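Below is one structure, written out as structure tokens, with a few remarks after it.
Just so it is clear, none of the values below were taken in a lab; they were calculated from the coordinates. Just so we're clear, the structure is a prediction, and the values are computed from it rather than from any experiment. With ideal geometry, Cβ positions are generated from the backbone for all residues, glycine too; neighbour counts draw on all protein chains shown.
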Amino acid sequence: MSNIKVIQEKPLSLVDVKELLSKEKKGELSERAKKTLEYIGTVLQAKDKKIIELEKSLVELKIQRLKEKQIKKILDIIPQDIDSLRAIFTAETVSLKDEDMQKILETIKQNTT
């Protein structure tokens, strides 16, 4: 097995992955990459542009405890209620105030409808 060194680790949303895979020529994609691209096309809940706008809006909220990793997960899931949003943070050591969660949900509704 080769010795792989991780140089940088960065969270990606499904839109980010789709964009990276779409830049590659279709014939050069592995079977796994093709299936990933196909899967992303079926599970994305909103248009790419709307998700990019949503990401900018979430960052502009400047919620101190909201990290890039959680923003990317919010973009993938697009929670519609407080319980779905809370589920994103269950595995994290970070918890948000209810008022911050409401701001996030309002931003999601404004950017996805």
I'd like the full set of residues that are part of a helix (DSSP H, G or I) and either loosely packed, with under 13 Cβ neighbours inside 10 Å or touching a residue at least 60 places away in the same chain (Cβ under 8 Å) (or both), limited to region 89-100.
ASP98, GLU99
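Restricting to region 67-113, name every residue that is among the hydrophobic types (A, V, I, L, M, F, W, C) and in contact with an Asp or Glu (Cβ under 7 Å, 6 or more places away or on another chain). Before you say what the answer is, go through the steps one by one.
If we filter region 67-113 for residues that are among the hydrophobic types (A, V, I, L, M, F, W, C), which is where we start, we get 71, 74-75, 77-78, 82, 85, 87-89, 91, 94, 96, 101, 104-105, 108.
Within region 67-113, ILE71, LEU75 meet the criteria.
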List, please: which pairs have Cβ atoms under 8 Å, are six or more places apart or on different chains, and start with a residue in region 21-48 that is among the aliphatic types (A, V, I, L, M) and end with one that is surrounded by 14 or more Cβ atoms within 10 Å (Cβ to Cβ) and assigned to a loop (DSSP other than H, G, I, E, B)?
LEU21/LEU29; LEU37/LEU29; ALA46/ILE78
Hey, can you tell me all the residues within region 61-88 that are charged (D, E, K, R), more than 17 Å from GLU99 (Cβ to Cβ) and in a helix (DSSP H, G or I)?
GLU68, LYS69, LYS72, LYS73, ASP76
Could you check region 1-51 and list, in sequence order, the residues that are under 28 Å from ILE108 (Cβ atoms) and either over 16 Å from the mean Cα position of the chain (by Cα) or outside any helix (DSSP H, G or I) (or both)?
GLU9, LYS10, PRO11, LEU12, SER13, SER22, LYS23, GLU38, LEU44, GLN45, ALA46, LYS47
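Got a sec? Which of LEU20, LEU58, LEU37 is surrounded by 12 or more Cβ atoms within 10 Å (Cβ to Cβ), under 30 Å from LYS97 (Cα atoms) and of a type in the set (A, V, I, L, M)? Let's see the steps before the verdict.
Working: LEU20 fails: under 30 Å from LYS97 (Cα atoms); LEU37 fails: under 30 Å from LYS97 (Cα atoms).
Among LEU20, LEU58, LEU37, only LEU58 is surrounded by 12 or more Cβ atoms within 10 Å (Cβ to Cβ), under 30 Å from LYS97 (Cα atoms) and of a type in the set (A, V, I, L, M).
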